[in-house]
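Notes for the one structure printed next.
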Amino acid sequence: MPDEHFTPEVTVTLRVNGTNTQVPCDVRTTLLDLLRERLRLTGTKKGCDRGECGACTVHLDGRRVNACMVLAASADGSEVTTIEGLARDDELHPVQQAFIEADAFQCGFCTPGQIMSAVCCIQEGHTGSNNEIREWMSGNICRCSAYPQIAAAVEAAARKEL
């Protein structure tokens, strides 16, 4: 008879924000929960927890993903960058600075996900127009409706990257 209390565990090896780490966890643990609850990287926000709001956006091997939709075990061996890993030393990432300069947040809950998504939006070359930026940032919801400022921040940061 199977043990009803058996919880299968795996050890996940990741490189998070430039640091190698191994974390034992339940096989059902999402990348979001591993980052927030096991590694205490709480800058990545838990919003809808079903991939609809983008508050949990992180970079997984250089691509933006909703961390709530990724099982930590499936990310084994990957490189993860969270909002805590963007700035270098005491210098903000250009997208972080652009968000401040454009006043691209109100309550700030969605801001980490917006910034992580914006970095990839710029890297992917989807900044040709305000409409294109809005389309490629549409997976990130801002309940305060700071969309004009967010698009302006992405546009400004993209200009600096060129």
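The values are calculated or read from the model by the stated rules, or taken from the named source; none is laboratory data. Since we're looking at a predicted model, the values are computed, not measured. Positions of Cβ are backbone-derived with ideal geometry, glycine not excepted, and every protein chain shown enters the neighbour counts. Protein only, heavy atoms only, side chains kept; ligands, DNA and RNA dropped before computing areas. Shrake-Rupley method; radii C 1.70, N 1.55, O 1.52, S 1.80 Å.
A few notes on this one:
- Packing-based ranking of 22-34, 57-69 yields 57-69, 22-34, ordered from highest to lowest mean Cβ neighbour count within 10 Å.
- Placing dummy labels 7 Å off each Cα toward the beta-carbon, the span from ASP76 to THR21 is 1.8 nm.
- Using C-alpha pairs under 8 Å with a sequence gap of at least 6, the mean separation divided by the residue count of the chain gives a relative contact order of 22 percent.
- Computed FRET value (nearest 0.05) for THR42 with ASP103, which takes r as the C-beta separation and R₀ as 35 Å: 0.90
- Accessible surface, per residue, of the chain when the full set of protein chains is kept, probe 1.4 Å, Å²: 55
- For segment 31-108: relative contact order, % (alpha-carbon pairs under 8 angstrom, 6 or more apart): 25
- Split the chain at each of the GluC sites (Glu not before Pro) in a DSSP loop with at most 13 other beta carbon atoms within 10 Å, and the longest piece is 53-123.
- Springs between Cα atoms under 10 Å define the GNM used for the chain, and in it the highest mean-square fluctuation of ARG88, ARG143, ARG40 occurs at ARG88.
- Per atom type, segment 103-162 shows carbon and sulfur on 52% of its accessible surface, probed at 1.4 Å.
- Charges were assigned to the Cβ only: +1 to each Lys and Arg, -1 to each Asp and Glu. The resulting dipole of segment 79-162 about its Cα centre is roughly 280 debye.
- Between segment 132-162 and segment 1-65, the Cα center-to-center distance that results, in Å: 26
- Positive dipole terminus of the chain, leading residue within PHE6, PRO148, MET69 (C-beta point charges): PRO148
- Computed over segment 88-153: relative contact order in percent, which uses C-alpha pairs under 8 Å that are six or more apart: 47
- Computed about the Cα centre, the dipole magnitude for segment 72-124 is approximately 160 debye when only Lys and Arg (+1) and Asp and Glu (-1) carry charge, each at its Cβ.
- Shape of segment 106-148, Cα gyration tensor, a/c cut at 1.5: oblate
- Electrostatic bookkeeping for MET116 treats Lys and Arg as +1 and Asp and Glu as -1; over the other residues with beta carbon under 15 Å from its beta carbon, the sum is +1.
- Charge-dipole axis of segment 22-162 as Lys and Arg at +1 and Asp and Glu at -1 on Cβ define it, positive-most pick from ALA98, CYS53, THR127: CYS53
- Total charge dipole magnitude, the chain, about the Cα centre, Cβ charges on Lys, Arg, Asp, Glu only, Debye to nearest 20: 240
- Table column - 3J(HN,Hα) (Hz), segment 45-56, Karplus curve with 6.51, -1.76, 1.60, x for Gly and Pro: 8, 9, x, 7, 6, 8, x, 9, 9, x, 4, 9
- Among residues other than GLU135 with Cβ under 14 Å from its Cβ, the summed charge is -2 (Lys and Arg +1, Asp and Glu -1).
- Extended-chain gain in nm, criterion 0.36 nm per residue less alpha-carbon gap, ASP49 and GLN123: 24.0 nm
- Between the labelled values (i) 16.7, 63; (ii) 17.5, 50; (iii) 19.1, 63, the entry that holds Rg and Dmax of the Cα atoms in Å as derived from this structure is (i).
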